[in-house]
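*Asks:* My questions will all concern the structure given below.
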Amino acid sequence: MSSIRAARPADVPVILQLIHDLALYEREPDAVKNTVASLQDALFGKKPTIYAHVAEAGGQVQGFALWFLNYSTWEGVNGIYLEDLYVRPEARGAGHGKALLANLARIAAERGYARVEWSVLDWNEPSIRFYEQLGARPQSGWSTFRLTGGALAEVAAL
């Protein structure tokens with residue numbers, strides 16, 4: 001049985017390890033530049049910018065959901081953007097991912113938020129099936145754009 005709770009400062013190293021594990025799963029093993037200090041500050045510093053919940057079983061963190069608030073200009077209320085959801089491979093199928101998503105849905109409903117949304121890689125069929133079984137649907141007609149690296153610097157200089 002999965003127990004979901006808000007992340008605590010002591011969880012930061014294990015969450016960072018799970019972020020590295022997620023990057024490996026997503027075929028980007030060298031992409032993570034995050035550090036314990038940076039993650040600690042973003043989650044628990046003077047002005048936290050992100051939130052995290054962990055799924056625990058047997059006294060061990062089995063997965064996590066890291067999220068932040070977004071805002072719907074049309075709805076006029078916040079929403080939750082789920083940046084990462086990850087469950088250890090050996091713990092999958094035990095309900096941890098479902099419990100983490102249900103927790104975020106409860107937070108959104110209790111606070112009057114309009115939605116919970118996230119991105120998933122096109123090739124990640126197991127996750128897509130999992131999300132669709134929960135009733136989530138892909139947003140057709142929308143493409144994700146990102147400014148990063150040199151392009152970000154160039155636009156910032158305009």
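Every number here is computed from the coordinates shown, using simple stated rules; none is lab data. Note that this is a predicted model, so its numbers are computed, not measured. All Cβ positions, even for glycine, are placed from backbone atoms using ideal geometry, and neighbour counts span all protein chains on display.
*Asks:* With charges only on Cβ, +1 for K and R and -1 for D and E, what is the dipole size of the chain about its Cα centre, in debye, rounded to 20? Write down the numbers at each step before the final one.
*Replies:* Numbers: 15 positive and 17 negative charges, 90 e Å.
Dipole magnitude for the chain comes out near 440 debye.
*Asks:* Neighbouring Cβ atoms within 10 Å as the yardstick, rank 113, 25 fewest first. Could the numbers behind the result be given before it?
*Replies:* Details: 113 20, 25 14.
With the fewest neighbours first, 113, 25 line up as 25, 113.
*Asks:* When we measure straight from the Cα of residue 46, which aspartates and glutamates land under 19 angstrom away, once same-chain ones fewer than 8 places off are left out?
*Replies:* 11
*Asks:* Over the chain, what is the mean sequence separation of C-alpha contacts under 8 Å (at least six apart), divided by residue count, expressed as relative contact order in percent? Walk me through the numbers on the way to the answer.
*Replies:* Values: 189 pairs, mean separation 28.7, N = 158.
RCO, the chain: 18 percent.
*Asks:* Now for a different question. How much length is gained on full extension from residue 30 to residue 6, taking 0.36 nm per residue of separation minus their Cα-Cα distance? Working shown, then result.
*Replies:* Details: separation 24, 0.36 × 24 = 8.64 nm, distance 2.78 nm.
Gain on stretching residue 30 to residue 6: 5.9 nm.
*Asks:* Under 5 Å between amide H atoms, partner at least 5 residues away or on a different chain: which partners does residue 62 have, H built in plane at 1.01 Å?
*Replies:* Here 55, 56, 57 satisfy the definition.
*Asks:* So, one more: What residues have an amide H closer than 5 Å to that of residue 80, excluding those fewer than 5 places away on the same chain, when H is modeled at 1.01 Å from N in the peptide plane?
*Replies:* 70, 115, 116, 117
*Asks:* Which whole DSSP H helices in the chain pass both tests: a Cα extent of 18 Å or more along the axis and a mean Kyte-Doolittle value no lower than -1.0? Mind showing how you got there, number by number?
*Replies:* Values: long enough: 12-25 (19 Å, 1.52); 96-111 (23 Å, 0.09).
Those that clear 18 Å and a mean of -1.0 are 12-25, 96-111.
*Asks:* With label points built 7 Å along Cα→Cβ from the Cα atoms of residue 154 and residue 71, find their separation and express it in nm.
*Replies:* Distance between label points: 3.0 nm.
*Asks:* Would you compute, from DSSP H runs of 4+ residues alone, the mean residue ellipticity of the chain at 222 nm, taking -39500 (n - 2.57) per run and dividing by the full residue count, rounded to the nearest 500?
*Replies:* Numbers: 5 runs with 56 residues, N = 158.
It comes out at -11000 deg cm²/dmol, rounded to the nearest 500.
*Asks:* Starting with the fewest neighbours, write out 16, 66 ranked by other beta-carbon atoms found within 10 Å of each beta-carbon. All intermediate terms of the calculation are to be shown ahead of the outcome.
*Replies:* Numbers: 16 18, 66 23.
Arranged by neighbour count, lowest to highest, 16, 66 become 16, 66.
*Asks:* Mind checking which of 63, 10, 143 is farthest towards the positive end of region 3-156's charge dipole, using Cβ charges of +1 (Lys, Arg) and -1 (Asp, Glu) about the Cα centre?
*Replies:* 10
*Asks:* Which Cα, out of 85, 127, 96, lies furthest along the positive dipole direction of region 52-158 (beta carbon charges, K/R +1, D/E -1)?
*Replies:* Of the listed residues, the answer is 96.
*Asks:* Classify the chain: rounded, prolate or oblate, from the alpha-carbon gyration tensor (a ≥ b ≥ c, eigenvalue square roots; a/c under 1.5 rounded; otherwise prolate if a/b is larger than b/c)?
*Replies:* Details: a/c = 1.31, a/b = 1.15, b/c = 1.14.
Because its axes are fairly even, with a/c under 1.5, the chain counts as rounded.
*Asks:* I've got another one for you. Report the extension gain between residue 121 and residue 90 in nm, rounded to one decimal, defined as 0.36 nm multiplied by the number of residues separating them, less their alpha carbon distance.
*Replies:* Details: separation 31, 0.36 × 31 = 11.16 nm, distance 2.11 nm.
Going from the current span to full extension adds 9.0 nm.
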